[in-house]
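Everything below concerns the one structure shown next.
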Amino acid sequence: MPLIEITDIHKRFGAVEVLKGVSLALEKGEIVAVIGRSGSGKSTLLRCVNGLEKVQSGRIVVDGIHVTAPGADLNLLRQRAGMVFQSYNLFPHLTVERNVTLALKLVRKMEPSAAREVARQVVARVGLADKLLAYPDELSGGQQQRVAIARSLAMQPTLMLFDEITSALDPELVGEVLRVLEGVAGEGMTMMLVTHEMNFAKNVADRVIFMHEGRIHEDGPAREILLEPRTAELRSFLNAVLH
Amino acid sequence: MIREFSEADIAYLLLATRWTVLLALVAMIGGGLLGIVVAVLRVVQFRPANWLAIGYINLIQGTPLLGQLFVFFFGLPLFGLSVDAWTAAALSLSIYASAFFGEIWRGSLQSVSPRQWEAGASLGLTYAQRLFYVVLPQAVRISVAPTVGFLVQLVKNTSLTALIGFVELTRASQIISGATFAPLPVYLTAAAIYFVICFSLSQLSHMLERRLHAAH
Ligand SMILES: Nc1ncnc2c1ncn2[C@@H]1O[C@H](COP(=O)(O)OP(=O)(O)OP(=O)(O)O)[C@@H](O)[C@H]1O
Ligand SMILES: [Mg+2]
């Protein structure tokens with residue numbers, strides 16, 4: 001059974017239909033890069049997966065949880081499906097350590113000392129062991145984004161959603177965040193990531209999905225999709241981002 | 001009988017200052033509690049409640065405090081409710097404060113980015129947990145400066161209650177000035193006392209802002 005199963009979802013904002021019948025299945029351990037033009041519905045698709053957006057029709061099942069069913073346990077779903085955003089969204093009033101321990105204590109009901117130990121480990125894993133007691137505004141964008149990844153990892157999700165997590169960063173900070181992502185990918189995490197980093201998609205993703213006007217326009221193995229695009233739309237998109 | 005402005009007068013002014021401080025405190029607490037209600041009514045998903053809150057806020061913010069004081073002091077007795085100066089002062093200042101606190105706090109709450117709510121949600125936090133652990137602490141930090149700023153106004157506005165005969169710092173100054181015919185030293189002393197209170201409040205505000213680390 002796939003870990004994520006999306007069946008014919010439709011999503012409208014007011015009168016505008018943003019997702020026009022998207023179906024997609026992701027196996028455990030699969031890494032899927034979602035590419036496409038601005039406004040093609042990439043973020044919306046990702047946000048539907050963890051229930052931040054509601055669909056008008058269609059079905060989403062994630063790790064056995066029926067996201068689209070009425071009364072779905074979204075808080076449980078979100079423990080299993082971690083999400084990292086373009087704008088980091090760390091809690092500015094909490095230190096790095098407490099950013100990580102907050103949900104461990106409140107959601108996982110961990111003892112403070114156990115939560116701190118987890119925080120120490122995940123923060124070290126993203127290379128910021130010396131920043132545990134820093135506040136977000138004392139960190140660079142790249143460091144903040146690494147903490148956001150660590151915060152998500154600490155919950156031990158079964159899959160992770162990344163929405164253009166390097167797009168807000170200065171170019172020289174992109175590398176450090178991508179290296180952390182590669183590390184996470186290397187450990188077998190199931191990942192769905194919206195990205196404009198085509199090289200990263202080619203090297204790290206198993207599969208690439210090209211979204212166009214609210215539909216999945218191409219879907220296949222990463223290298224095949226990126227090196228031998230079948231449709232004119234994908235060719236012109238790749239031309240635009242690569243040159 | 002005219003006498004010199006003496007240490008005894010200064011002591012009298014300081015004693016009257018107790019009432020200024022007490023009145024400001026009562027208005028802060030009463031207005032604070034009522035202000036929370038106003039803020040909540042202003043944001044709940046129920047139109048009539050929103051209209052009620054907006055009407056209340058506009059009425060209170062759009063009329064002079066002195067007028068409100070008079071309404072309570074001279075108006076309530078017309079309905080057979082006898083009120084002394086203290087009660088009228090405490091009531092009207094609390095109501096006055098509630099309209100301002102309500103708006104300050106609503107604004108602070110709404111100025112926390114929706115992304116913070118989403119970040120909390122994405123970690124599996126419940127709505128209440130998002131509110132209490134993520135959004136409120138940031139809203140409090142944002143609200144410190146405007147809240148204390150309004151408190152400073154409130155302290156100074158307690159002086160209006162002198163006009164209904166409540167003996168706080170300003171009324172006490174009038175009394176002593178009348179007895180000594182030395183208005184300048186008397187009112188300068190009163191001004192210095194007001195300044196010390198208000199300046200301390202601002203310092204407190206700066207300190208709090210530093211302590212409550214949050215987004216700028
Ligand atoms: N909350 C919202 N309310 C109204 N319209 C929205 C909302 N969120 C997204 N949209 C619209 O839906 C469409 C798809 O948006 P989405 O954010 O999914 O695109 P995207 O592919 O992620 O684009 P980008 O590369 O710019 O991030 C856009 O036209 C956008 O304006
Ligand atoms: Mg997007």
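The values are calculated or read from the model by the stated rules, or taken from the named source; none is laboratory data. No experiment lies behind these values; they were computed from the predicted model shown. Heads up, the Cβs are rebuilt from the backbone with ideal geometry, glycines too, and the neighbour counts pull from every protein chain shown.
For segment A:63-86, name all the residues that are closer than 28 Å to residue A:29 by Cβ and assigned to a loop (DSSP other than H, G, I, E, B).
Once the filter is applied, which keeps residues that are closer than 28 Å to residue A:29 by Cβ and assigned to a loop (DSSP other than H, G, I, E, B), segment A:63-86 yields A:63, A:64, A:67, A:68, A:69, A:72, A:73, A:85, A:86.
Testing residue A:60 on (1) at pLDDT below 95; (2) in a strand (DSSP E or B), one condition comes back false. Which one is that?
(1)
When only residues in segment A:1-56 that are within 14 Å of another protein chain (Cβ to nearest Cβ) and aliphatic (A, V, I, L, M) count, which is nearest to ligand 2 (Cβ to nearest atom)?
A:46
For residue A:152, only one of the following conditions fails: (1) at pLDDT 95 or above; (2) surrounded by fewer than 20 Cβ atoms within 10 Å (Cβ to Cβ); (3) hydroxyl-bearing (Ser, Thr, Tyr). What is its number?
With respect to (1) at pLDDT 95 or above; (2) surrounded by fewer than 20 Cβ atoms within 10 Å (Cβ to Cβ); (3) hydroxyl-bearing (Ser, Thr, Tyr), residue A:152 is out only on (2).
Got a sec? Which of A:69, A:25 is farther than 30 Å from residue A:116 by Cβ and at pLDDT below 95?
The match here is A:69.
Out of B:119, B:53, report the one residue that is among the hydrophobic types (A, V, I, L, M, F, W, C) and farther than 30 Å from residue A:53 by Cα.
Among B:119, B:53, only B:53 is among the hydrophobic types (A, V, I, L, M, F, W, C) and farther than 30 Å from residue A:53 by Cα.
Just checking, which of A:22, A:55 is part of a loop (DSSP other than H, G, I, E, B), within 16 Å of ligand 1 (Cβ to nearest atom) and out of contact with any Pro (no Cβ under 6 Å at 6 or more places or on another chain)?
Only one candidate qualifies: A:55.
Of everything in segment A:148-172 that's away from ligand 1 (no atom under 16 Å from the Cβ) and closer than 22 Å to residue A:42 by Cβ, which residue is farthest from the chain's Cα centre (by Cα)?
Here the residue is A:171.
Given the residues A:167, A:87, which is the only one that is facing chain B (nearest Cβ under 10 Å), within 16 Å of ligand 2 (Cβ to nearest atom) and at negative phi?
The conditions single out A:87.
Would you point out the residue of segment A:102-120, among those that are in a helix (DSSP H, G or I) and touching a residue at least 40 places away in the same chain (Cβ under 8 Å), that is nearest to residue A:50 (Cα to Cα)?
Residue satisfying both the conditions and the ranking: A:103.
Taking into account only those residues within segment A:101-130 that are more than 14 Å from chain B (Cβ to nearest Cβ) and buried (at least 19 other Cβ atoms within 10 Å of the Cβ), which is modelled with the lowest pLDDT?
Among those residues, the one meeting the criterion is A:126.
Checking residue B:84 against (1) under 20 Å from residue B:145 (Cβ atoms); (2) modelled with pLDDT under 95, which single condition isn't satisfied?
Every condition holds for residue B:84 apart from (1).
Answer yes if at least one residue in segment A:84-93 is within 23 Å of residue A:176 (Cβ to Cβ) and of a type in the set (A, V, I, L, M), and no otherwise.
yes
Which of the following residues is within 22 Å of residue A:125 (Cβ to Cβ) and either within 16 Å of ligand 2 (Cβ to nearest atom) or modelled with pLDDT of 90 or more (or both): A:207, A:179?
Exactly one of A:207, A:179 is within 22 Å of residue A:125 (Cβ to Cβ) and either within 16 Å of ligand 2 (Cβ to nearest atom) or modelled with pLDDT of 90 or more (or both), namely A:179.
Just the residues that are surrounded by fewer than 20 Cβ atoms within 10 Å (Cβ to Cβ) and either farther than 26 Å from residue A:64 by Cα or of a type in the set (Asp, Glu) (or both), please, taken from segment A:179-199.
Passing the criteria: A:179, A:182, A:183, A:187, A:196, A:198, A:199.
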